[in-house]
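Worksheet: the structure to be examined is printed underneath.
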């Protein structure tokens, strides 16, 4: 059975939710999109020497967590694509609460040691505790410097991904120490995803809500704060970027020319270098299990998947800038 179909089947069996048609429909709809993040626990479980079957409870818990978090996030962001616009905010809030409990339920009934089960449930609980703080700060804080940006980003993104890898590792039989290393890797993965999303969202046409003055992704923060010749012009353009394609294009060109996008890629690569150093340690541990786990290969592929789309964007930007120089536009 396809793993996403398996997850839909497992979700339909969760007590109390199996009779809730709306939440079942929502889960099926999201699963149809085959979210890549749902499979992070599987990769971690395999890297710890486990199997697909062992990973299923962790994947289901992460899937429930993901949908619940997005339901709340879309309401906070007033996202025009949010499920709350179809079912209503009261229903969406109830669904988010139910999915939080469902994530814990998925772990509570799985067949692992009591110690591993307790640690796994603590992982899931931390997803919601940390992420809700990050969401609160994101809505109620004005980001004026890079320290503030990372404080919110690490609270809002890293806990989900850290727990996703840690859960998978625990399901695969990893020791406490090894599962903590996976959690640390997941936190870095979350930061890389945040950077990836910031680059993509600020370069997307038509403009995304990130251009609104109460939102500050890292490229926009860089262009707003760093002293460069086009800084004043960027600050002038930003409030109108969503209302005018011409203004958006000029503002995006400034992001490229002032080094904002390059800086985000630099931050991405710094984290990837840290990850590679950590994976070398895990590769050494492979020798202790006779190479059967192939931790380095499995996890390195996970992180390279984050970098590939960014490099494609960067290659495209190089071509645009190069053609402008050749035609005398620059």
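Derivation of every value follows stated rules applied to the coordinates shown; laboratory data play no part. Remember, predicted model here, so these are calculated numbers, not experimental data. Note that each Cβ is placed from the backbone with ideal geometry, even for glycine, and that neighbours are counted across all protein chains shown.
Would you mind calculating the relative contact order of the chain from Cα pairs under 8 angstrom and at least 6 residues apart, reporting the percent as a whole number? Could you put the intermediate results ahead of the total?
Numbers: 415 pairs, mean separation 53.1, N = 330.
Relative contact order here is 16 percent.
At 222 nm, what value in deg cm²/dmol follows for the chain if DSSP H runs of at least 4 each add -39500 (n - 2.57) and the sum is divided by all its residues, to the nearest 500? Before the final figure, lay out the partial values.
Numbers: 15 runs with 248 residues, N = 330.
Computed mean residue ellipticity for the chain: -25000 deg cm²/dmol.
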- If each residue's Cβ is checked for other Cβ atoms within 10 Å, how do 1, 121, 171 rank with the fewest at the top? 1, 121, 171
- Of [x] 14.9; [y] 19.9; [z] 18.1, the label for mean projected area of the Cα convex hull in nm² derived from the coordinates: [z]
- Query: Which of 59, 142, 107 moves most in a GNM of the chain, Cα contacts under 10 Å?
  - Reply: 142
- Item | Helix 21-32 axis, angle to the chain major axis (alpha carbon atoms, nearest 10°) | 70 degrees
- Query: Given the alpha-carbon gyration tensor of the stretch 118-274, what are the semi-axes of its equivalent ellipsoid in whole angstrom, ordered largest first, with each equal to the square root of 5 times an eigenvalue?
  - Reply: 34, 16, 12
- Along the Cα-to-Cβ line of residue 12, 7 Å from the Cα, sits a label point; which residues in the stretch 29-64 have backbone N less than 16 Å from it? 29-32
- Note on the structure: Classified through the alpha carbon gyration tensor (a ≥ b ≥ c as square roots of its eigenvalues; rounded if a/c is under 1.5, else prolate when a/b is larger than b/c, else oblate), the stretch 22-156 comes out oblate
- Task: Rounded to the nearest 0.05, what FRET efficiency do residue 312 and residue 266 give with R0 = 22 Å and r taken as the Cβ-Cβ distance? Could you check?
- Result: 0.80
- Would you kindly state how much longer the chain becomes between residue 273 and residue 148 on full extension, computed as 0.36 nm times their sequence separation minus their alpha carbon distance, in nm to one decimal? 42.7 nm
- Report, in degrees rounded to the nearest 10, the 0 to 90 angle that the Cα long axis of helix 158-171 makes with the longest principal axis of the chain. 30 degrees
- Query: Which of 264, 45 comes first, and how do the rest follow, when ranked by fewest Cβ neighbours within 10 Å?
  - Reply: 264, 45
- Item | Alpha-carbon Rg/Rh ratio, for the stretch 134-174, with Rh computed the Kirkwood way | 1.21
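I need 262, 164, 158 ordered by Cβ neighbour count within 10 Å, fewest first. Could you put the intermediate results ahead of the total?
On the way: 262 16, 164 31, 158 25.
Ascending Cβ contact count within 10 Å gives the list 262, 158, 164.
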- Item | Potential extension, residue 177-residue 89 segment - 0.36 nm per residue separation minus Cα distance | 27.6 nm
- Computed E for residue 20/residue 304 - FRET, C-beta separation, R0 41 angstrom, nearest 0.05: 0.60
- Task: Under 1.5 on a/c is rounded, so check that first for the stretch 140-210, then, if it is not, pick prolate when a/b is larger than b/c and oblate when it is not; a ≥ b ≥ c are the square roots of the alpha carbon gyration tensor eigenvalues.
- Result: prolate
- Hey, what angle do you get for helix 260-288 against the long axis of the chain, alpha-carbon based, 0 to 90 degrees rounded to 10? 30 degrees
